[in-house]
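*Asks:* Can you read through this structure? Questions will come right after.
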Amino acid sequence: MAKKLFVGSLPYSINDEQLKAHFEKFGEITSASVVMDKFDKTRSRGFGFVEMPNDEEAQKAIDELNGKELDGRAITVSEARPREDRPNRDFGGNRR
């Protein structure tokens, strides 16, 4: 079964291809994506996700890369958790 990894504390300059290349040395990558700011589509939010089809290779990537530096920043790598439902944020404004 494929494993989705969360990668945090990414350098803001990194893109999807660079993220994929960083993880490829541990095995096959199904997808790699850096989450971008929803207002400024050119700026990373500093985290992303990598999907690997082989659980053993994914675990090796976690073990080897968690806490290691990427372009001067110590990244965090862990198994991604399912996204939690968040309540709708209503700030009491009357938007029309």
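*Asks:* Which residue, 78, 66, 35, has the largest displacement toward the positive end of the dipole of segment 1-85 when charges sit on each Cβ (Lys, Arg +1; Asp, Glu -1)?
*Replies:* Sorting the options by dipole projection puts first 35.
*Asks:* To continue, here is another question. About the Cα centre, and with charges only on the beta carbon of Lys, Arg (+1) and Asp, Glu (-1), how big is the dipole of segment 1-81? Nearest 20 debye, please. Walk me through the intermediate numbers first.
*Replies:* Working: 12 positive and 15 negative charges, 78 e Å.
For segment 1-81, the charge dipole is close to 380 debye.
*Asks:* Turning to a different aspect of this structure: Find the accessible area per residue for the chain; the probe is 1.4 Å, ligands and nucleic acids are left out, and the unit is Å². Kindly include the intermediate steps, with their values, before the conclusion.
*Replies:* Details: 7210 Å² over 96 residues.
I get 75 Å² per residue for the chain.
*Asks:* Is there a pair in 3/60; 3/68; 3/41; 41/68 whose C-alpha atoms are over 22 Å apart, and which pairs would that be? If you can, show how the numbers build up before the last one.
*Replies:* Numbers: 3/60 12 Å; 3/68 20 Å; 3/41 27 Å; 41/68 27 Å.
Violating the 22 Å Cα-Cα cut-off are 3/41; 41/68.
*Asks:* Please report the equivalent ellipsoid semi-axes of the chain, computed as sqrt(5 x eigenvalue) of the Cα gyration tensor, largest first, in whole Å. Walk me through the numbers on the way to the answer.
*Replies:* Working: eigenvalues 161, 54, 28 Å².
Output for the chain: semi-axes of 28, 16, 12 Å.
*Asks:* Could you tell me how many degrees, from 0 to 90 and to the nearest 10, lie between the Cα long axis of helix 55-65 and the main elongation axis, the longest principal axis, of the Cα atoms of the chain?
*Replies:* On a 0 to 90 degree scale, this one is about 80.
*Asks:* Carbon and sulfur atoms: what percent of the 1.4 Å accessible area of segment 14-96 do they account for? Walk me through the intermediate numbers first.
*Replies:* Details: 2750 of 6530 Å².
Solvent-exposed carbon and sulfur of segment 14-96 make up 42 percent of the total.
*Asks:* Under a plain spin-label model, where a point goes 7 Å from the Cα along Cα-to-Cβ, how far apart in nm are residue 55 and residue 15?
*Replies:* Between residue 55 and residue 15, the simple spin-label model gives 3.5 nm.
The values are calculated or read from the model by the stated rules, or taken from the named source; none is laboratory data. Here the structure is a predicted model, which is why all the values come from computation and not from measurement. Neighbour counts are summed over all protein chains in view; Cβ atoms, including those assigned to glycine, are modelled from backbone coordinates with ideal geometry. Side chains included, ligands, DNA and RNA excluded: accessible areas come from the protein's heavy atoms. Shrake-Rupley method; radii C 1.70, N 1.55, O 1.52, S 1.80 Å.
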